[in-house]
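Since every read-out is calculated from the coordinates, none of them should be taken as a lab result. On a predicted model such as this, the values are computed, not experimentally measured, just so you know. Neighbour counts are summed over all protein chains in view; Cβ atoms, including those assigned to glycine, are modelled from backbone coordinates with ideal geometry.
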Amino acid sequence: MKLLVFDVGGTEIKYSVIDEGLNMEDSSYFPTPKTPEEDKENKAIVDKDYVRFLDSLVEVYHRFEASVDGIAMSLPGFIDVKNGRQCGGGAIQGIINRDIAEDLSKRCGCPVRIANDAKCAAMAEKVYGNLKDCGNAGVFIIGTGVGGGLIINGEVLNGDHFTAGELSFIRMNVNEPWDDRENTMGDVCSTTGLLNLYRAKKQLHKDAELSGRDFFEKYHENEPEAIECLKVFCNHVAQAILNLSFILDLDRVAVGGGISRQSALIDGIKSELNDLWEKTGLVKDSGMKQVEIVPCKYLNEANQIGALCYYIKEQ
């Protein structure tokens, strides 16, 4: 079986033809059709942008329809996998509250199955990657926000309302106002959070142009401010993962996202988690198992591989 697999992101839509042996062909991408910020309350424009979104997928499908058996798709937001519906959330206004699988299937004349992007990453790691042998585990995807996927009793957890693992919404400090977005895990434990720490440390403007690549260049030049900021950031991530492990009895957490390619990040999170564990004397002495930290096996292709897995599972 071969599938056309889309990974829909806020900036671009990646696609590949993939078979069950994970052989990937004809990989490419195109810009995500999106509604401009100023038009997000204009239903007529949003509806047109949804049609543009479907049109872009159909155009790609027609190039491969003779060689594929169906379409699998990874999407942001709260996804009802069984019914193929985007039920809310995510930053792409035009696709929110849409029966995407049904609408695209009608246009293309083939089966279509969709799933949440972070849960696809968790599925990829569970079926083929570094969480294969785990009963309870998670993925912690560090990007513009934080993506989360939870594996409980060997199954990726979706939840009755399709919001299990939405880590970005979790508050990190009870002493800060609830409506302070800078207090959320999505801000504190994301690449955004790391770069904000560095801007503050260097006394840069809060909107100063800066990328993860820029930051790690400074880190590898042994700049003291970058070294200190990464340590603080890794401590924040370690606290978040440790709290999740206390709640869910996790065996292992796989850390992903663009900056997870940096071994200094993974090593830093492990080191900070070990230090925190040593400080939690009552927990440590109780015999509780410490959660293991590993990098994700799959990075750029994780969502596509997970979408393929969901398609096969839901057949």
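Between helix 224-248 and the chain there is an angle of about 70 degrees, using the helix long axis and the longest principal axis of the Cα atoms. Across the chain, C-alpha contacts under 8 Å between residues 6 or more apart give a mean separation that, scaled by the residue count, equals a relative contact order of 18 percent. Within the stretch 248-264, what residues put their amide N at less than 13 Å from the label point 7 Å along the Cα-to-Cβ vector of LEU204? Backbone N within reach: none found.
May I ask for the longest run of the chain untouched by GluC sites (Glu not before Pro) that are loop-located per DSSP and have at most 10 neighbouring C-beta atoms (other than their own) within 10 Å? Could the numbers behind the result be given before it?
Numbers: sites that count: GLU41, GLU209, GLU221.
The reported range is 42-208.
Here the contact order of the stretch 133-295, divided by its residue count and restricted to Cα pairs under 8 Å and six or more residues apart, works out to 24 percent. The HN-Hα couplings worked out from phi for the stretch 169-179 by the Karplus form 6.51 cos²θ - 1.76 cosθ + 1.60 (θ = phi - 60°) are 7, 5, 7, 9, 9, 5, 8, 9, x, 4, 8 Hz, whole numbers, x standing for Gly and Pro. Qualifying trypsin sites (Lys or Arg not before Pro) in the stretch 151-227, where qualification requires a DSSP coil assignment and no more than 11 other C-beta atoms within 10 Å, comprise LYS206. Sparsely packed loop sites in the stretch 77-149 (the trypsin sites (Lys or Arg not before Pro) outside DSSP H, G, I, E and B with at most 16 other Cβ atoms within 10 Å) comprise LYS82, LYS132.
Would you order TRP178, TRP277 from fewest to most other beta-carbon atoms within 10 Å of each residue's own beta-carbon?
On the way: TRP178 8, TRP277 16.
The most exposed by this proxy come first: TRP178, TRP277.
Considering helices alone, the calculated mean residue ellipticity of the chain at 222 nm is -12500 deg cm²/dmol, with DSSP H runs of length four and up weighted by -39500 (n - 2.57) and normalised per residue.
Can you tell me the relative contact order of the stretch 1-96? Whole percent, Cα pairs under 8 Å, sequence separation 6 or more.
31 percent
Comparing ILE259, ILE227, ILE100 in a Gaussian network model of the chain (Cα springs below 10 Å), the most mobile by mean-square fluctuation is ILE227.
Could you estimate the translational diffusion coefficient of the stretch 133-295 from the Stokes-Einstein equation, with Rh from the Kirkwood formula over C-alpha pairs, at 4 °C and 1.567 mPa s, in whole µm²/s? Answer, rounded: 79 µm²/s.
Among ASP26, ASP7, which comes first, then next, by fewest other beta-carbon atoms within 10 Å?
ASP26, ASP7
The ARG213 and ASP179 beta-carbon pair, evaluated with R₀ = 41 Å, returns a calculated FRET efficiency of approximately 0.80. Taking label points 7 Å from Cα along the Cα-to-Cβ direction, GLU225 and ASP133 give a separation of 4.5 nm. The 3J(HN,Hα) values that the Karplus relation (6.51, -1.76, 1.60; θ = phi - 60°) gives for the stretch 288-304 are, in residue order, 4, 7, 7, 5, 9, 10, 9, x, 4, 6, 10, 10, 4, 9, 4, 5, 5 Hz. Gly and Pro appear as x. If you fit an axis through the alpha-carbon atoms of helix 117-127 and take the longest principal axis of the Cα set of the chain, what angle between them do you get, 0 to 90°, nearest 10? In the chain, helix 117-127 runs at an angle near 80 degrees to the longest axis. If I compute Rg/Rh (Cα atoms, Kirkwood Rh) from the structure I just sent, which labelled value in (i) 0.98; (ii) 0.96; (iii) 1.09 lines up? Derived directly from the coordinates: (i). In terms of modelled amide H atoms, which long-range or inter-chain residues lie less than 5 Å from the amide H of LEU157? Distant-sequence amide H within range of LEU157: LEU150, ILE151, ILE152.
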